[in-house]
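Just below is one structure, and these are the notes that go with it.
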Amino acid sequence: MQLEYFQLIDRIIDLNIVEKTITVEAQVPQTNTIFEGHFPGFPIMPGVLLTEAMAQSSGWLLLGVMKFERMPFLAMIKQAKMRGFVSPGQLLTIEAKIEHEGSGFAVTSAKARVGKDLVCSADLTFRHIPFPDPALRVHMDAMAEKIGFPQQAVPHD
Amino acid sequence: MSSTFEQIANIIAETCDIPRDTITPESHAIDDLGIDSLDFLDIAFAIDKAFGIKMPLEKWTQEVNDGKATTEQYFVLKNLADRIDELVAAKNTGA
């Protein structure tokens, strides 16, 4: 997890294009300036970052299902529930599933756990559009390789 | 009054918190009801689910942008109901 770059997902554990599910891991750093303010004496991951981690997990799933032809952008968050505290150094396991594929949008549900404990969940809606800039596609390709996105699921031009 | 319109009106009322009695078949979703594109995603999701279809929003938007269709054809609710009926019929005939 590189919080400074908003890269919250470390590795893809499982991607099932047919079932439209993904499981990823995200290692919360032991130290970060965020924890100095959130909160002194009681450092925890901000709920917005947990939500972003669920969104990025869903995003990788959508990229795979859409064969990297379109880029998903978070549009709506519903039923976001922070169910438990997430502390520095903990490992998040995040599962996401596509609930609906509309025209130009998709809806996912996501859950994050620490061990067996459910720590947050949300229903997320994404708009998706063709990659607006080639540099973004290049970046996503590099990120995909970095986090272990199954390379057979990444079309190459 | 088509049952499709009633379902759409109920979805819009619930999704966008618009009083149901202000929604008529002649209402324009954007111009009269003030529904923006984000709210319309929510409505599209609910309509897709309710009718078991996939409303081709991108195609419709493209047609409007290209001047091949007017927003009234898709976003006046009685017309939207007709489009949905067509999509449901096409699905049922396997078209």
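Computed from the coordinates by the stated procedures, all read-outs in this text should not be read as laboratory data. Please read all numbers here as calculations on a predicted model, not as lab measurements. We place every Cβ from the backbone using ideal geometry, glycine too, and count neighbours over all the protein chains shown.
Couple of notes before you dig in:
- Of residues in segment A:99-120 being within 12 Å of chain B (Cβ to nearest Cβ) and of a type in the set (Val, Ile, Thr), the one surrounded by the most Cβ atoms within 10 Å (Cβ to Cβ): A:108
- Exclusive hit being among the hydroxyl-bearing types (Ser, Thr, Tyr), more than 22 Å from residue A:106 (Cα to Cα) and either touching a residue at least 60 places away in the same chain (Cβ under 8 Å) or surrounded by 14 or more Cβ atoms within 10 Å (Cβ to Cβ) (or both), set B:15, B:93, B:71, B:61: B:71
To keep it simple, each residue is scored yes or no on (1) crowded, with 20+ Cβ neighbours inside 10 Å; (2) not aliphatic (A, V, I, L, M).
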position: A:19; (1), (2): no, yes
position: A:24; (1), (2): yes, no
position: A:38; (1), (2): no, yes
position: A:51; (1), (2): yes, yes
position: A:60; (1), (2): yes, yes
position: A:74; (1), (2): no, no
position: A:77; (1), (2): no, no
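- Of all the listed residues (B:56, B:25, B:19), the sole one being within 12 Å of another protein chain (Cβ to nearest Cβ) and not charged (D, E, K, R) is B:56.
- So residue A:86, is it farther than 30 Å from residue B:60 by Cβ and of a type in the set (A, V, I, L, M): yes
- Residue pairs whose Cβ atoms lie under 7 Å apart, sitting 6 or more positions apart in sequence or on different chains, and linking a residue in segment A:1-28 that is more than 14 Å from residue A:53 (Cα to Cα) to a partner that is assigned to a strand (DSSP E or B) and acidic (Asp, Glu), are A:13/A:25; A:21/A:95.
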